[in-house]
Every structure is written in C-alpha cells, then in structure tokens.
Amino acid sequence: MQHSDPDDLFDRAEMPVAPFEFNADVARVFPDMVRRSVPGYADLVALCGLVARRVARPGTRCYDLGCSLGAVSLAMLARTPSGVGIVAVDNARAMVDGLARRLAEVPGGERVRVCCADVREVEIVDASVVALNLTLQFLPPEERAGLLARIRAGMVPGGVLVLAEKVRLDDAAEAAFVTALHEDFKRANGYSELAIAGKRAALERVLVPERAETHEQRLREVGFARVTRLYQHLNFVAWAAWT
C-alpha cells in the first residue's frame, strides 16, 4: 500500500456535507482512506495483479479504468512481462499526477501510459485484462452497460475483465446487518462517528450500488461468455468476466 497522509477529511466535516469528489484533498489521503474504509481493498488490488499474471500476454494491453493513484496498475506492472502495455485512466487530475510521480521511481514504469480522461471515452484496444476496481459504481446506472459493451468490444479472445463493486442487498435485515458490520470495520480502523456519518452523507447519490445479480446479468448481456464471482468481503464483490 502506498504511503499517504492519514485520512481525517471527515473528522472536520460540517453539515451539510458536500458531495464526494476525487480532488487533491482525497488524493493526499487516498491510500489510507481505502485501507481503512474498504474491506479487502488490498486483496482486490492483488487479485487484479494475479489475473494479469495468468492472462496478459505480450502484444496486448492491460487497462486500469478509474485508476486513482494506480495501485492496480502497479500490481499489473509487477506481474506482467515487458511486452505487455498498461494503460491507467482516471478523470481526476490530482490522481493521475500522483501516479505519474510514483511511476518515475518504479523500475519499468515507462510501460504504464497514464491518461487523464473519462473512462467512458477512452479507446479500448487489444485488451487482454481490464480492471474496473470500484469504478463502475460512480457512473450513472444507465451508462454502465455502454461502458461494459465498449470494453468487451476492445478485448482480445480469452481476455478477462475484473469488476469489483460495492453491492446492494435487497433483504432489509441482511442489508442492515452488513452495513452495521461495515461501520464496525471503520470504527475498528480508527474512524470517528463524525467521520463515518460525514462520508456516508458525502457518498449519497454519488456512489450508487446495485445488486450482484444485476451486475452479473449485465455482463452477460453485453457479450461476456462466462462470469465468475471471485471474491466477497461484506458487501464488496469482485467478478471475472471472460470474452
């Protein structure tokens, strides 16, 4: 996990809380934020690297869409041969600038092309592995199928999309229990009640989760041949979708 300042952004939040955005303040604390607030985040990053190691081959590309500070890009870089190109995309300038600085210090970092762009607009070409690690959930639901269809069209035979998302549970009792456990996870990692409430308010209507079954059906509808659930920790799920 990359070094960062401690995440204290919502300890000083004032109500009403502004909608969450991936700005310079978030970039400054992002590694600490995801470590303390996303159960299994390090596992999800490592999983993307393991998939790339097994699937990516020279002459193809790996894409990290919604790369933030590039943890997945770096995991792919470490586990793929030199003939594999890596494309890291994020529309937050503070994030891509932070990744570019880090790549300057990483052996082989020149293999990673960093793009400040909307993931819905970037061209996907010769992709053997595509990672959407907690990215799709920030797009309007009606635009998610279009992005997935574009990804599928740009992938080579035998390619794999790794999709990780926070999911919604329909059963009210189950949802309340899992939400309570997630908040306990944050408390155990040192977040105050003010910070937990502030971030919840900031993410409302910005992060829109869907049912796991909705994701699986959509992946099949846009043309992925097989969809396998690889990982789950509380209400965070990851799938592999094959071309």
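Say whether the condition of being hydrophobic (A, V, I, L, M, F, W, C), farther than 20 Å from Ala52 by Cβ and modelled with pLDDT under 95 is met by at least one residue in the range 135-144. Scanning the range 135-144, I find no residue that is hydrophobic (A, V, I, L, M, F, W, C), farther than 20 Å from Ala52 by Cβ and modelled with pLDDT under 95, so the answer is no. Of all the criteria given as (1) surrounded by 17 or more Cβ atoms within 10 Å (Cβ to Cβ); (2) basic (Lys, Arg); (3) in a helix (DSSP H, G or I); (4) at pLDDT 95 or above, the one not satisfied by Lys166 is (3). Under the condition of being surrounded by 17 or more Cβ atoms within 10 Å (Cβ to Cβ) and either in a loop (DSSP other than H, G, I, E, B) or not hydrophobic (A, V, I, L, M, F, W, C) (or both), the residues counted in the range 103-149 number 12. Is it the case that Ala180 is closer than 23 Å to Val17 by Cα, open to solvent by less than 70 Å² (accessible area, probe 1.4 Å), in contact with a Lys or Arg (Cβ under 9 Å, 6 or more places away or on another chain) and among the small types (Gly, Ala, Ser)? No. Here the range 150-163 is the region considered, the condition is being part of a helix (DSSP H, G or I) and within 20 Å of the chain's Cα centre (by Cα), and the residue that is surrounded by the fewest Cβ atoms within 10 Å (Cβ to Cβ) is Arg150. For the range 183-193, a residue qualifies if it is of a type outside the set (Gly, Ala, Ser) and either open to solvent by 60 Å² or more (accessible area, probe 1.4 Å) or free of Cβ contacts under 8 Å to residues at least 60 places away in the same chain (or both), and the qualifying residues are Glu183, Asp184, Arg187, Glu193.
Pull up the range 196-206, narrow it to residues that are part of a helix (DSSP H, G or I) and within 22 Å of the chain's Cα centre (by Cα), then point me to the one that is surrounded by the most Cβ atoms within 10 Å (Cβ to Cβ). Steps first, please.
The first filter runs over the range 196-206 and keeps only residues part of a helix (DSSP H, G or I), leaving 196-203.
From the residues that got through so far, the ones that are within 22 Å of the chain's Cα centre (by Cα) too are 196, 198-203.
Values: Ile196: 17, Gly198: 22, Lys199: 20, Arg200: 15, Ala201: 17, Ala202: 19, Leu203: 17.
Per the criteria, the residue is Gly198.
The set of residues in the range 207-243 being open to solvent by less than 40 Å² (accessible area, probe 1.4 Å), among the β-branched types (Val, Ile, Thr) and part of a loop (DSSP other than H, G, I, E, B) consists of Val222, Thr243. Closer than 28 Å to Ala52 by Cβ and touching a residue at least 40 places away in the same chain (Cβ under 8 Å): is that true of Arg152 in this structure? Here the answer is yes, as Arg152 does meet what is asked.
The values are calculated or read from the model by the stated rules, or taken from the named source; none is laboratory data. This one's a predicted model, so the numbers in the text were calculated from it and none came from an experiment. Note: ideal-geometry Cβ built from the backbone for every residue, glycine included; neighbour counts use all protein chains shown. Only protein heavy atoms, including side chains, enter the accessible area calculation; ligands, DNA and RNA are left aside. Shrake-Rupley method; radii C 1.70, N 1.55, O 1.52, S 1.80 Å.
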